[in-house]
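The structure under discussion appears below in the form of structure tokens.
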Amino acid sequence: MTLSAHFPVLQVVVPLVSAPLAVLARRATAAYAIVMFASWIAFGLAIALTMQVRSEGVVSYPIGNWPPPWGIEYRIDALSSFVLLLVSAVAAVVLPYCRRSIEHEVPREQHYLFYSMFALCLAGLLGIAATGDAFNAFVFIEISALASYVLIALGRDRKALVASYQYLILGTIGATFFVIGIGMLYLMTGTLNLADMSERLAATSDLRPVLTAAAFITVGMSLKLALFPLHQWLPNAYTYAPSAVSAFIAATGTKVSIYVLMRFYFSVFGAGLVFELAVGEVLLVLSLAAMFIASAIAVVQSDFKKLLAYSSVAQVGYITLGLSLESVSGLTASIVHLVNHGMTKAGLFMLVGGAVLVTGGSGMDRLAGLRRTMPLTSFGIVLGGLGLIGIPGTAGFISKWQLVLAAMERQEWWLVFAIVASSLLAVAYVWRFVEVAYFREPSNPADRRREAPATMLVPAVMVIAASIYFGLDSSLTLGGAATAADFLLGTSR
Amino acid sequence: MSTDSIAVCLMLPLAAAGGIALANNRPNLREAVSLVASAALVLALLGLEPAVLAGNRPTLDLIEVMPGLVIAFEVEPLGLLFALVAAFLWFASAVYSIGYMRGNGEAHQTRFYLCFALALAATVAIAFSANAFTLLLFYEALTFVTYPLVTHHGDAEARNGGRTYLAFLLGTSVLFLLPAVIFTWHAAGTTDFRAGGILPEGMAPAAAAVLLAMYVFGIGKAALMPFHRWLPAAMVAPTPVSALLHAVAVVKAGVFSIVKIVVYLFGLDLLGGVSTHWLTATAGFTVIAASVVALGADNLKRRLAYSTVSQLAYVVLASALLTPLSIVGAALHIVSHAFGKITLFFAAGSIYTATGKTNVSQLDGIGLRMPWTMGAFAIGALSMIGLPPAAGFVSKWYMLSGAMSQAHWAAVMVIVASTLLNAAYLLPIVYRAFFRGVDADSKPHGEAPLPIVLALVITAAATLMIFFMPGVPLALAHALAFGACE
């Protein structure tokens, strides 16, 4: 086997190995270098795998040369390569940002631990997307979750501990539901390989345990992906985590959980069975609730990071809404919004992180008059905000267009109206920032112009620029999403 | 070669914005950039005119955003006409702004000129958009680049005005215009503007009527009631902004889009089978109601703002009549109202700069002290009313002819009644200015600074010119209306 044949496993192993290496290195700089190097390799591998999937179709990799379904199989298809690309790209751009950012938030003697946890979290998220094995997926979910509990707890504010604890409890409940669901599937099929499981399920006549398994997995993953009203852990976690962690987790954590849900719905249970369960209707209602209620809550927040966090709950609603439409175009909208929103929100959290570093907090009062002190950061946040609204020319618009189109295909006119109406709430919460930053005077008028350090500002601006670029040329994002959606529904029963 | 000239027309305002930013600390150079760029834009647009009149449609495809959905530009007669008006008046208001912004000691002048240039870039892009998607893109862009201009003063009043501005413009476009464009794409598989329309012939009349309503009300910039309130709210902006943007570029982008959508997306034939009585009724109501509000407004800018609401509804009314003659009238009214109204706003700003007065009731005898300003105001007023020898007469003539050819007597009545109302809210100002004695307690003052007076005279003269020599606008309007019906 050539080296390129091992890419699927290297994708996960490289960041995984960098975690203990970072611990061994002890020194902050060395740990930082190791993990950053690993994350860039992971990004390169994700690109290589995406191209491989494009040219050759599904890439299957038997771990330890044990052929599936006996051994663990890594299976990269159009959807998983898309998610791998998102996760590794966000990690690759957040890591350079980390350095200066955590110097202000994490005691120096803990830096190597921070990088090690970051690497573990990254490895876990990549593993979830790469694996074709149900239990392996559970293990990676736990790896990434445990690492993220630690990362969130490292936040400077003591409330970070409570937030992390909250997340730990709810995340564990979610994982437990998930593993119970997998246990039932194993009981019914005797296999853990997803592809094999799918084939055997087709031959199962007793549906009740299978439906129960679907329900458990849905609830478990809904907790993880912060589907309204199971989102209670998210706002505090995003608000009190260190800035770099907020950016990374907001862009990837919930997105990977949505991936798991899609994977089980379409590649294991099959669209027919899942939507017979009225999952579509439930998702539809909860998604709409998220879009309206979470957005409305976002409007009244007095802390900007928390505002963004509630906005994330609302935006997850758009993703699950696309999923609930049971069509290729709906699924395409979901998948493309994974990336578009992940990108936009990562950029926003990174910019806010810079503002936190300079002004000392993310409360709206701290951000008053930000245009004076940090004009570039303020403008970047406005551009990102326009993306959240879905203004033409931003990545968010591509998602909205696709989602509205999917609703129109189903002739659901009221839904079209609901989608566009909810984006007006996004205008309301984005404009809170605009009015605070552009119309209020800085709380300390003596403040001079001072942007965040270049190592933070440049990656953040790059991400925001990318969110504009993908709003103007969507061939990579929308094209990739459409291929993935076609593939998922095409192979689904 | 034509493709290049489109690029030049689009780039000129953008380049001007860059130049203005670079010349931040050198005010004279900064203003020179605006003047040169606007003059160059007028020339570049005039260079396109012969080819367009000869039936050519230069195109420029920029980026394919989604498969089949391209940011693309195409120059057709209506767009060229609109761009010409905007560019010419950009020049006039660049002259005017020098006097106004310096005369009133306004802050943040670089930001002001920068956003102004960006607004022009968006306007030209709207004028040239080859499909509804491109139009939507730059329509929203125009909202955002004009927002800092509306809120220029940065105080609570400006912020509230800005909120209303954004709530109405963004609210209508997100709620109605965006779904309308997506529905067009869904139904026709394209959003291209094509002569004769693109919507499928078999489209149910009810669906077409709903879609038309979504477009007409989604384009909040056209200020059709009940979505007109942003326009008076936007009057918190400095006067050059009210003059160029809220009498010309932004509002005209609205009615321009409506005319373009009626002619090139629906096509007059398709709409012939659709009930549009509700639209003529709404437009007619807006014409009359806004005039009545204007009649009662004492603040001069507010009166002019409601007059704009009323005059914009003329254009919508004319295009809803769906005859080639009324389409010519609609296109011409975009031009004639622009010149007349900018003159009126320039005069309002001139009065404010020279005297600090903002209300109609304060203007007794002002014409004797500011003869140029009030003379220009009188010409603008004539044009609004539609009397010769001003531009408004030409467009009203075509609109009336269109209404009569359709035997649409209600529309005729509306136009006639509103003409009387226009006279009732504008002529008393002229009367006050020239035929009433000066307040005893008012301080003596003279004319406004020279650039202001110069700009006023230019636009007032152009208002008269269009009446005597309507060649270019008329030719383009004919090419639009009769070309579209072939």
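Summary table
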{"quantity": "Test set (1) more than 22 Å from the chain's Cα centre (by Cα); (2) in a helix (DSSP H, G or I) - A:Arg449 fails condition number", "calculated": "(2)"}
{"quantity": "Residue satisfying all of: in the stretch B:157-166; facing chain A (nearest Cβ under 9 Å) and surrounded by fewer than 23 Cβ atoms within 10 Å (Cβ to Cβ); nearest to the chain's Cα centre (by Cα) among these", "calculated": "B:Leu166"}
{"quantity": "Qualifying residue in the stretch B:201-219 (condition: among the hydrophobic types (A, V, I, L, M, F, W, C), surrounded by fewer than 24 Cβ atoms within 10 Å (Cβ to Cβ) and farther than 30 Å from A:Ser329 by Cβ)", "calculated": "no"}
{"quantity": "Within the stretch A:130-242, helices (runs of 4 or more DSSP H) holding 2 or more residues that are without any contact (Cβ under 8 Å) to a residue 40 or more places away in the chain and farther than 22 Å from A:Tyr259 by Cβ", "calculated": "A:134-153, A:159-189, A:194-203, A:208-224"}
{"quantity": "Cross-chain or 6+ apart pairs with Cβ under 7 Å, the stretch B:349-360 first and touching a residue at least 60 places away in the same chain (Cβ under 8 Å), then among the charged types (D, E, K, R)", "calculated": "B:Ile351/B:Lys357; B:Ala354/B:Glu447; B:Asn359/B:Asp298; B:Val360/B:Asp298; B:Val360/B:Arg303"}
{"quantity": "Count of residues meeting criterion [surrounded by 14 or more Cβ atoms within 10 Å (Cβ to Cβ), hydrophobic (A, V, I, L, M, F, W, C) and farther than 18 Å from B:Ala72 by Cα] in the stretch B:1-46", "calculated": "17"}
{"quantity": "Any helices (runs of 4 or more DSSP H) falling wholly within the stretch A:281-378 and containing at least 2 residues that are touching a His at 6+ places or on another chain (Cβ under 9 Å)", "calculated": "A:304-324, A:328-359"}
{"quantity": "Test result for B:Ile20, of a type in the set (A, V, I, L, M, F, W, C) and away from every other protein chain (no Cβ under 14 Å)", "calculated": "yes"}
{"quantity": "Residue within the stretch A:395-414 that is hydroxyl-bearing (Ser, Thr, Tyr), within 11 Å of chain B (Cβ to nearest Cβ) and either outside any helix (DSSP H, G or I) or touching a residue at least 60 places away in the same chain (Cβ under 8 Å) (or both) present", "calculated": "no"}
{"quantity": "Unique match (being small (Gly, Ala, Ser) and either touching a strand residue (DSSP E or B) at 6+ places or on another chain (Cβ under 8 Å) or over 18 Å from A:Val90 (Cβ atoms) (or both)) among A:Ala19, A:Ala38, A:Ala31, A:Ala42", "calculated": "A:Ala31"}
{"quantity": "One residue from B:Met374, B:Met370, B:Met413 being in contact with an Asp or Glu (Cβ under 9 Å, 6 or more places away or on another chain) and more than 19 Å from B:Phe82 (Cβ to Cβ)", "calculated": "B:Met370"}
{"quantity": "Selection status of B:Leu178, more than 7 Å from every other protein chain (Cβ to nearest Cβ) and aliphatic (A, V, I, L, M)", "calculated": "no"}
{"quantity": "Matching entry among B:Leu142, B:Leu169 (being in contact with a Gly (Cβ under 7 Å, 6 or more places away or on another chain) and within 12 Å of another protein chain (Cβ to nearest Cβ))", "calculated": "B:Leu169"}
{"quantity": "Enumerated helices (runs of 4 or more DSSP H) restricted to the stretch B:208-281, each holding at least 3 residues that are over 29 Å from B:Phe482 (Cβ atoms)", "calculated": "B:230-233, B:239-244"}
{"quantity": "B:Arg194, sole failed condition from (1) more than 17 Å from the chain's Cα centre (by Cα); (2) surrounded by 20 or more Cβ atoms within 10 Å (Cβ to Cβ); (3) closer than 25 Å to B:Val85 by Cβ", "calculated": "(2)"}
{"quantity": "Residue match in the stretch A:351-368 (condition: closer than 28 Å to A:Trp401 by Cα and either touching a Gly at 6+ places or on another chain (Cβ under 8 Å) or of a type outside the set (Gly, Ala, Ser) (or both))", "calculated": "yes"}
{"quantity": "Qualifying residue in the stretch B:47-68 (condition: of a type in the set (Lys, Arg) and either surrounded by 17 or more Cβ atoms within 10 Å (Cβ to Cβ) or under 23 Å from the mean Cα position of the chain (by Cα) (or both))", "calculated": "no"}
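Residue-wise test of (1) in contact with a helix residue (DSSP H, G or I) (Cβ under 9 Å, 6 or more places away or on another chain); (2) polar (S, T, N, Q); (3) within 13 Å of chain B (Cβ to nearest Cβ).
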| position | (1), (2), (3) |
| --- | --- |
| A:Val416 | yes, no, yes |
| A:Ser422 | yes, yes, yes |
| A:Ala428 | yes, no, yes |
| A:Ser443 | yes, yes, no |
| A:Ala452 | yes, no, no |
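Values quoted throughout were computed directly from the atomic coordinates according to the rules given, and no laboratory measurement underlies them. Everything numeric here is computed off the predicted structure, so don't read it as measured data. Virtual Cβ from ideal backbone geometry, glycine too; neighbours counted across all protein chains shown.
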